[in-house]
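Have a look at the structure below before the remarks.
Only the coordinates and a few stated rules stand behind these numbers; no lab work does. The structure presented is a predicted model; accordingly, all values stated were derived computationally and were not measured. Quick reminder, even Gly has a Cβ in these numbers, built from the backbone with ideal geometry, and neighbours come from all protein chains shown.
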Amino acid sequence: MSKVLVLYYSTYGHMETMAQAMADGARSTGATVDVKRVPETVPEDIARQAHFKLDQAAPVASVAELEHYDAIIVGAPTRFGRMPSQMAAFLDQAGGLWARGALQGKVGGAFTSTATQHGGQEVTLFSIVTNLLHFGMIIVGLPYGFQGQMTLDEVVGGSPYGATTIAGGQGQRQPSAIELDGARYQGRLIAETANKLFG
């Protein structure tokens, strides 16, 4: 079976929750799954004043370990319609892996959160996917086989480009059951794809 990394950045815990659901979906295929986060770059005193969630259980990843996975699922919230600087800074350090083609042919995917329904979810997903394509990765999104993202019964995230959640302007909304199901669906599909290629 394949080895999958769910790599995320989470300011207030929404992406941490989505990362765990993504990992649950990947594990359901028999894949080995690690959940890791990228380093926080905001000074600790400022992060505390802004109520960042600093007690996250996931270990901090290193760029060097990325090549040891068959699939990498990258999750980060939006910052003005693109990935935040913490995730960008981490991926920007992967030039050596890019130069060696160390990630070519591996499976990748993206997930995100925004404060509002129209806060840049798809653009943020594309900002992540663009990086993964430059690495030579095979992208797996959240196809409409996951019918939950088409519901009109409630406000819900979801995109064919990746699982998403809507956090609210003050971070008051946690990922819904449908959004978590979307993350599990995408995680399973990415791991199934990696299992076919590397299992």
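Figures for the structure shown
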item	result
Exclusive hit being crowded, with 24+ Cβ neighbours inside 10 Å and of a type in the set (S, T, N, Q), set THR112, THR130	THR112
GLN147 without any contact (Cβ under 8 Å) to a residue 24 or more places away in the chain, under 28 Å from LYS196 (Cα atoms) and among the polar types (S, T, N, Q)	yes
Positions within region 80-133 being part of a helix (DSSP H, G or I), among the hydrophobic types (A, V, I, L, M, F, W, C) and under 16 Å from ALA61 (Cβ atoms), in sequence order	MET87, ALA88, ALA89, PHE90, LEU91, LEU97, ILE128, LEU132
The listed residue being in contact with an Asp or Glu (Cβ under 8 Å, 6 or more places away or on another chain), touching a residue at least 24 places away in the same chain (Cβ under 8 Å) and among the charged types (D, E, K, R), out of ARG184, ARG188	ARG184
Matching residues in region 25-52 - criterion: being more than 21 Å from the chain's Cα centre (by Cα) and surrounded by 15 or more Cβ atoms within 10 Å (Cβ to Cβ)	ALA47
Conditions (1) in contact (Cβ under 8 Å) with a residue 40 or more places away in the chain; (2) surrounded by fewer than 20 Cβ atoms within 10 Å (Cβ to Cβ); (3) over 14 Å from the mean Cα position of the chain (by Cα): number failed by ALA167	(2)
So GLN117, is it over 13 Å from the mean Cα position of the chain (by Cα), without any contact (Cβ under 8 Å) to a residue 12 or more places away in the chain and surrounded by fewer than 21 Cβ atoms within 10 Å (Cβ to Cβ)	no
